[in-house]
Amino acid sequence: MAEDHRIDSLPWRYAIVGCGRVGISWARHLAVAGGVPVGFASRRRTSARTAAEAAGGGKVCEVLSALPEADLVLITTPDGQIEAVGRELATTGALAPGTVILHCSGALEADRLAVLREGGAHIGSLHPLQSFAAPALDHNPFEGIVMAGEGDPPALTLAESLTGRLGARFIRLPAGTKGLYHAAAVVASNYLVTLMGGALEMLAVCGLSGRDAFAVLEPLTRGTLDNIGRLGIPKALTGPIARGDAATVEHHCRDLAAQRPALLRFYRVLGEYTLDLTKGRGEIDTKAIEALQSLLADTRESGSNRG
Ligand SMILES: NC(=O)c1ccc[n+]([C@@H]2O[C@H](COP(=O)([O-])OP(=O)(O)OC[C@H]3O[C@@H](n4cnc5c(N)ncnc54)[C@H](OP(=O)(O)O)[C@@H]3O)[C@@H](O)[C@H]2O)c1
């Protein structure tokens, strides 16, 4: 039976199920951080072998025959497979009580692995806030990032310990909040790309494209990020909506309708949220708020027919 001292001190013996971009990165860097690799399983044997090579040891398993030896099992399959893998692990009956099982999904909670608690395992999720486009072998992709965990306290003790060993910062999420945590990451990262894509498309109409267009926007965007860091939200907000300048917003809507109608809704939806932030500052009068509200809520294709 696993004992408590196993989970908060080195060496952890670890196994990984799902040897893709994240799994192979864990395989390598947990070994570098002092963990002992005991087993790797994946849909394809070759993937499990690649993980074992990256870790410098550990068995390649059809099923996780190495499980009884593991203090920690990381499930790094695609999100849609996590629950099924949890059930499969539970039916093997091979887990020692006290084993910590963590999955790495950003959106799913630990309870997807609840079936494993019946055998005495401690379950959790540990999400590295990093983009793994390929297995990272030559540098530590966990260095300096945040890893968010939730789940059973003993699982979080180990998660926090290994996070520190990898040079990352650990944060604990309250139960029931992972959906919004992950949505926030999507907005800040993926939607930033979308935002810049929309702005670059508008600059293409002005005869600027590619590198030139990006060079025009880059200092503005970086300066805005700096302002958010220094001043916070909504103080960092500038521009026509923050000033209550409905005439300028109407001008934008009119030109977008004429020259890039596909981006008019994009401009208005973001403008509505920007107006909500502006209202929170209490600096523009009711008349300006109403004029802006009406311009931004307009569902017609053109903003030009407003007085
Ligand atoms: N990629 C990222 O940037 C990132 C960042 C943070 C968190 N995550 C999370 O990390 C997890 C893994 O993501 P990933 O990007 O590493 O995915 P991935 O590259 O697609 O790797 C997943 C691996 O799981 C294996 N697999 C699939 N079904 C399986 C099953 N039923 N049993 C055993 N192995 C199975 C696949 O196997 P074979 O190779 O053997 O066919 C594949 O190599 C996900 O939960 C994801 O949300 C990803």
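No lab work stands behind these numbers, since they all come straight from the coordinates. Predicted, not measured: the structure shown is a model, and the values here were computed from it.
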Any chance you could run the full-extension gain for A247 through R21? It's 0.36 nm times the residue separation minus the Cα-Cα distance, nm to one decimal.
-> 76.4 nm
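Full extension from E53 to V187: what is 0.36 nm times the residue separation minus their Cα-Cα distance, to one decimal in nm? Can you show the working numbers first?
Details: separation 134, 0.36 × 134 = 48.24 nm, distance 3.60 nm.
Gain on stretching E53 to V187: 44.6 nm.
Could you tell me what percent of the DSSP beta bridges with both partners in the chain are antiparallel, to the nearest 5?
Numbers: 5 of 28 bridges.
Counting DSSP beta bridges with both partners in the chain, the antiparallel share is about 20 percent.
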Take a quick pass over the chain and tell me how many lysine pairs come in under 30 angstrom between Cα atoms, counting only ones 8 or more apart or on separate chains.
-> 5
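Taking a ≥ b ≥ c as the square roots of the eigenvalues of the Cα gyration tensor of the range 180-297, is the shape rounded (a/c under 1.5), prolate (a/b larger than b/c) or oblate?
On the way: a/c = 1.63, a/b = 1.12, b/c = 1.46.
Oblate shape, in that a/c is at least 1.5 and b/c is the bigger or equal ratio.
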If you build the Cα gyration tensor of the chain and take the root of 5 times each eigenvalue, what three semi-axes come out, in whole angstrom, biggest first?
-> 49, 20, 17
Under Stokes-Einstein, with the Kirkwood radius over Cα pairs standing in for Rh, what whole-number D in µm²/s applies to the range 4-176 at 20 °C and 1.002 mPa s?
-> 140 µm²/s
